[in-house]
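The values are calculated or read from the model by the stated rules, or taken from the named source; none is laboratory data. Quick caveat: nothing in here was measured; it's all calculated off a predicted structure. Quick reminder, even Gly has a Cβ in these numbers, built from the backbone with ideal geometry, and neighbours come from all protein chains shown.
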């Protein structure tokens, strides 16, 4: 089987249901944004390889990538389980790592190590995917658990970026208001 099908040459793509939609359709844009997020998380994981004590975070991010494939598949018309426990697990993970980080009283500037910087990039990509999801939700009601998950995921990525920086010896860079 060839990787290319030539079916998308006219600007249309197929969903899991077999329905054909334009590549600039809200669903296609959301699926693309989720895919971009998944890629940035993969880049983050690639930069974690040499960081001592990062195996747990690497595994968490891998599990998130698996969930993102499920999410994208569901947006494309699959009907895969997406239980509330996915949101609850993110919340537990956020709480766990927040307890291990210095308290935050200011906005921070994204950056630090390469892995943390990519994790911050993943967070912003997650917010972009969330905006696409909300836009689609306005015209085509989505599973509320999926909306909660993508919202909570950006918080989780923020906490993980801070934890990665801590592992690598980088302090949070506080925003100093210039004005």
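Brief remarks follow.
- Subset of the stretch 118-133 [crowded, with 19+ Cβ neighbours inside 10 Å and over 12 Å from the mean Cα position of the chain (by Cα)]: 132, 133
- Exclusive hit being under 30 Å from residue 13 (Cβ atoms) and loosely packed, with under 13 Cβ neighbours inside 10 Å, set 79, 151: 79
- For the stretch 118-145, the set of residues classified as in a loop (DSSP other than H, G, I, E, B) and touching a residue at least 40 places away in the same chain (Cβ under 8 Å) consists of 140, 142, 143, listed by residue number.
Here's the yes/no breakdown for (1) in contact with a helix residue (DSSP H, G or I) (Cβ under 9 Å, 6 or more places away or on another chain); (2) modelled with pLDDT of 95 or more; (3) assigned to a loop (DSSP other than H, G, I, E, B):
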position: 28; (1), (2), (3): no, no, no
position: 51; (1), (2), (3): yes, no, yes
position: 67; (1), (2), (3): yes, yes, no
position: 72; (1), (2), (3): yes, yes, no
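- Of everything in the stretch 93-117 that is touching a residue at least 12 places away in the same chain (Cβ under 8 Å) and farther than 24 Å from residue 177 by Cα, the residue that is surrounded by the fewest Cβ atoms within 10 Å (Cβ to Cβ) is 100.
- Residue 88, sole failed condition from (1) touching a residue at least 24 places away in the same chain (Cβ under 8 Å); (2) in a helix (DSSP H, G or I); (3) over 15 Å from residue 160 (Cα atoms): (1)
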